[in-house]
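**Q** One structure, pasted below without further comment.
Values quoted throughout were computed directly from the atomic coordinates according to the rules given, and no laboratory measurement underlies them. Since this is a predicted model, take the numbers as computed values, not measurements. Using ideal geometry, Cβ is built from the backbone for each residue, glycine included, and neighbour counts are taken over all protein chains shown.
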């Protein structure tokens, strides 16, 4: 599949991300990404993206043993470089052909593999129980660095809108000092 456009939107009523991929041949794949999936997917994609960017550097092999801060800075520089050249202004074009069906694929697992060509293969899979059918659905794509960076940027924006990047924590009120009134006698203590 030759990818033409990507779109990632947070659907509040579903509490899911809708990833849409349309091809140069006029097909559209629709995928639901859940928060549970993104918790494990995001770190993996970030790591693979960093490795992909560093491998493409002319001094790629020499970067393996370098300082982590230097690697991070170089990766951020390359990401910004890709984003400056990306087209996020052209509206997404809906396609009428849906090879996986009109209902989005509920992604239950993703297989990712870096390829010798420098591209990244992503296989999106849905278990049969999730689709309500007899057999599982799925498809795979290969992404170059430019496309991978674009998808990561769109995912990051959708994660921010969904507020999924925020940690689950209960706000705590500042602890009030425990002040016991002084009635001039010792308070009784109970040992059992």
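**Q** Peptides 107-116, 85-94: what's the order by average Cβ count within 10 Å, highest mean first?
**A** Top to bottom by mean Cβ count within 10 Å: 107-116, 85-94.
**Q** Let me ask you something else. Please give the length that would be gained between residue 72 and residue 40 if that part of the chain were fully extended, namely 0.36 nm times their separation in residues minus their C-alpha to C-alpha distance (nm, one decimal).
**A** 9.5 nm
**Q** In nanometres, what is the gap between the two model label sites at residue 163 and residue 92, each 7 Å from Cα along Cα-to-Cβ?
**A** 2.2 nm
**Q** What is the gain in length, in nm to one decimal, between residue 135 and residue 55 on full extension, counting 0.36 nm per residue of separation less the C-alpha to C-alpha distance?
**A** That pair, residue 135 and residue 55, stretches by 25.1 nm at full extension.
**Q** Mind checking the log10 I(q)/I(0) for region 3-162 at q = 0.09, 0.10 Å⁻¹? Debye, one equal scatterer per Cα, no solvent, two decimals.
**A** Each listed q maps to, in turn, -0.32, -0.39.
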